[in-house]
Every structure is written in structure tokens, then in C-alpha cells.
Amino acid sequence: MKKKTIEKAFSLAQERYHDMGVEVTRAIKVLETIPISLHCWQGDDVGGFENFGQTLGGGLVATGNYPGKARTPDELREDLDMTLSLVPGKHRLNLHAFYGEFGGRKVDRDEIAPEHFKNWIGWAKKNGLGLDFNPTCFSHPKSADGFTLSHRDKAIREFWIEHCVRSREIGAAMGKALGKTCVTNIWIPDGMKDTPADRNAPRARLADSLDKIFQKKISPALNLDAVEPKLFGIGSESYVVGSHEFYLGYAVSRKKMLTLDAGHYHPTEGIADKISSVLQFMPEILLHVSRGVRWDSDHVVVLNDDLLSIAREIVANGFTRRVHIGLDYFDASINRVAAWTIGTRNMIRALLIGLLEPTEKLRAAEAANDFTTRLALQEEIKSLPYGAVWDYYCESKNVPVGENWLTEMKRYEKDVLAER
């Protein structure tokens, strides 16, 4: 598409939105301030670089065998560079602990340190990105029976406690080095396949372990702590220790962030409505935006009603500085770099659509009990020309417009991914 055509369509869209009471340039300025945290594990099927010989576990499944998987940290960074060149705006990267670089040595999880992530920090600094972090409490011999921080064996609990303590310290080191606060999120796979006889004791142990992990005070300017609940997982269908209710209570009482993962609830339950609920009681939350298909299957994020609802709740309520947005999916059945690109562009596009909503008109109709006007407007805005604004935004950020990114992706696949 020619630049002149893009600008002409944008000008007409501006007029249409102005008639609805929406200033497009203001919406774009807000969009520019919202970073998305890309998840490193999309690029290598949640493999990491420890070389323990441990297969993926903890209820996680990466399906597919598309060629071109990243095999080294350098290849993973190369793929991320490609993705970021196709995505408008400045963003972040979310790292798991087993993506450290250990120089060929076996460094166990309770021995990791900031030095193992110096190349990631250098890469992020070079690209002007922020980093987020996660302890990796799965795919390890000490998590093989499905329990970590709630394990009945004290020695195993202490191993994972130390791992999480070190993860927080790594997050703080990243925040200090980059001048951008790191969010360190704890998710554990602990649970049971069938009905437990004792639901209480593991939860008591988990609460105690978390209290030990968070005992050391770290400046929120460097690191923010988050805890992530789940409804069920593969191998923990009947009981998950860290349920939504457990972590909601823990986060509120201990003043930690709650993580809302779009795939961690009932298949018919969305997280959009939870955002304004939990933000009544805590200053900030973390999102893991994913797409579950009948279960927490972590499909690539698409521009569906669930995503639009999440984005709308964030921007319409002025939560852009209180909600940290991260992606969480892994698809090995298609080009992995394209999966990153599709999901990230869709997240940004959904935020733009939310920012282009005539929110004040909708709220005025609602306040006047004019629900007819509210519904009519909600339907009419679905056909407003947000696509022209999106194309202009991409063009202004020097990234491909429309499907043109796919041409560059195919070239990258042929020249780089196919050679691996």
C-alpha cells in the first residue's frame, strides 16, 4: 500500500472518529506508551538452555514440529529482533530462569545469578527494552512428582524457595541495569490428578514458602512481585494448590500483584471482567494474554471478542499504568516468529481499537439510563475505520503495513530459519 493512500485513508478516518467525539491523535499518543512483554518461550517451545536432559513437564505441552526452532540464546535473540522489526512501538521481553546462559556448565536452579543473564541485559539495553522475569518451577527432577513450593519434603521446598529468592534478585538486577522496573512472576505446577485427601496442608506450605521468598525487601523501582493462579493443568485436573482464591487472598494480604492469565480459568470464563474487580483492592496487576481452546492450550492470540474486551477494560478505565501486559502462548505448528508477530500485533491493535472507542458517549448514555443508545452505539462503533488508523500507526513506526510483514517473514524463514 502506498504511503499517500495510507495517509488519505487515515485523514478520512480521523474525520469519522471526530464526528463520534474521538480524537485519533490522542489515542495514538496513549498507545505509544503501552509496552507489551513478549514471552521468550514462544521461540523454542519452552525448552530453555540448561541442557539438563529434562523433558518439558509441569502440565505444559508444546505441539507441532515446524522447522526453524531457536537452539541457542543467540538464535532466540535473532528471532526476537526479527519480530520486533515487524511490531510497532517499544516493548519488553519476559524471560524464564532456564533461559540463562551457563557457559556449558550445569548450574542448578538454586545457583542462578544475574551474571547468567548479562547477555540478555546487554541485548535489552541495546534495543531500549525492559525485561521481566519468572522462576522456572517445572521441567526439573525436583518437580517431577508435580509439587515444588508446596512439597511435603522440606528439602525440596527449600530448593525451590532459594530458586525463587534468586529469581527476585535477578529481576532487581535487570531493573537496575535497564532503569525499567522488572516484574517477576511466580507460577508453580503443584497439584494432583485425582481427588486429594488433604487440600489444606499443601496450601499452608505454599503460603509459608511464599512468605520466605518475599522476606527480603526489594525496591519496587527495581522489581515488582506477582503470583499466578490456575484452575487446572495436565496432571493436576482435580486439584491445583495455587488456585485463584488462594492467590487472590495472598496477593491482597501480602500486597503483591495478582497475575490474570487468560487461559487459567474455566473455558467459558473471561478475565476482562476481573480486571476492574481486583484493581479495587490492589494498585497493579499482571496479565498473561493467551487463547485457550477448550482448555489452557496457549494458542496464538487472535483479534477475537475476548482480546477486545481485555484491551477495552484497560484503556477505557485508565488502567494503562496499573496493568502490566504480557503474552503467554507457544505454538510449534506454525512459524514461531510469525506466531510472536501475529499475537503481538493483535494485542496492540486491540488496545488501539479500545482507545478509539467513544467511551464518554457510552457512559453518558448509561448514566442517563438510555440503554437503547448505549447498545446502538456499541454496535455502530464495530464498523468504524480503525484499520486505517492501524495502518497509519504501523507506517509511522516504520514497520510493515497490513499483510506486508508476511513477505518479510517468508524471506526470513527461507534465509535464516530453514538453514537451522
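The values are calculated or read from the model by the stated rules, or taken from the named source; none is laboratory data. Because the structure is a prediction, the values reported are computed rather than measured. In this analysis, Cβ positions are derived from the backbone assuming ideal geometry, glycine residues included, and neighbour counts consider all displayed protein chains. Protein only, heavy atoms only, side chains kept; ligands, DNA and RNA dropped before computing areas. Shrake-Rupley method; radii C 1.70, N 1.55, O 1.52, S 1.80 Å.
Couplings for region 111-126, taken from phi via the Karplus curve 6.51 cos²θ - 1.76 cosθ + 1.60 with θ = phi - 60°, read 10, 5, 8, x, 4, 6, 10, 5, 5, 5, 5, x, 5, 5, 5, 4 Hz in order; Gly and Pro are left as x. Here the simple spin-label model places points 7 Å from the Cα toward Cβ, and for D19 and K2 these points are separated by 2.6 nm.
Note that region 310-321 has calculated 3J(HN,Hα) couplings of 4, 5, 4, 4, 5, 7, 5, 9, x, 9, 4, 9 Hz, one per residue in order, obtained from phi through the Karplus relation 6.51 cos²θ - 1.76 cosθ + 1.60 (θ = phi - 60°); glycine and proline are x.
Projecting label points 7 angstrom from Cα along Cα→Cβ for V302 and E115 puts them 4.8 nm apart. Of all lysines in the structure, the ones whose alpha carbon falls short of 24 Å from that of K361, not counting any fewer than 8 places away in one chain, are K29, K274, K382. Taking other residues whose beta carbon is less than 15 angstrom from the beta carbon of A367, and scoring Lys, Arg as +1 and Asp, Glu as -1, yields 0. In this simple spin-label approximation, D153 and F102 carry label points 7 Å from Cα along the Cα→Cβ vector, and these lie 1.8 nm apart. Largest to smallest in accessible area, the residues K125, K2, K142 fall in the order K2, K125, K142 (1.4 Å probe, all protein chains included).
Rolling a 1.4 Å probe over the protein heavy atoms leaves D273 with an accessible area of roughly 110 Å². What the Cβ-Cβ distance of L406 and L375 gives, at R0 = 41 Å and to the nearest 0.05, is a FRET efficiency of 0.65. Compared with the alpha-carbon gap, the fully stretched path from N65 to R254 is longer by 63.8 nm at 0.36 nm per residue. Take the alpha carbon atoms of region 262-287, find their center, do the same for region 1-55, and report the distance between the two centers in whole angstrom. Each part reduced to its Cα centre gives a spacing of 22 Å.
Of the residues G122, G343, G270, the one that moves most in a GNM of the chain with alpha-carbon contacts below 10 Å is G122.
Between region 63-138 and region 301-372, the alpha-carbon centres lie 26 Å apart.
In order along region 187-200, the Karplus-derived 3J(HN,Hα) couplings, from 6.51 cos²θ - 1.76 cosθ + 1.60 at θ = phi - 60°, round to 10, 10, x, 4, x, 10, 6, 10, 4, x, 8, 9, 7, 7 Hz, and Gly and Pro are given as x.
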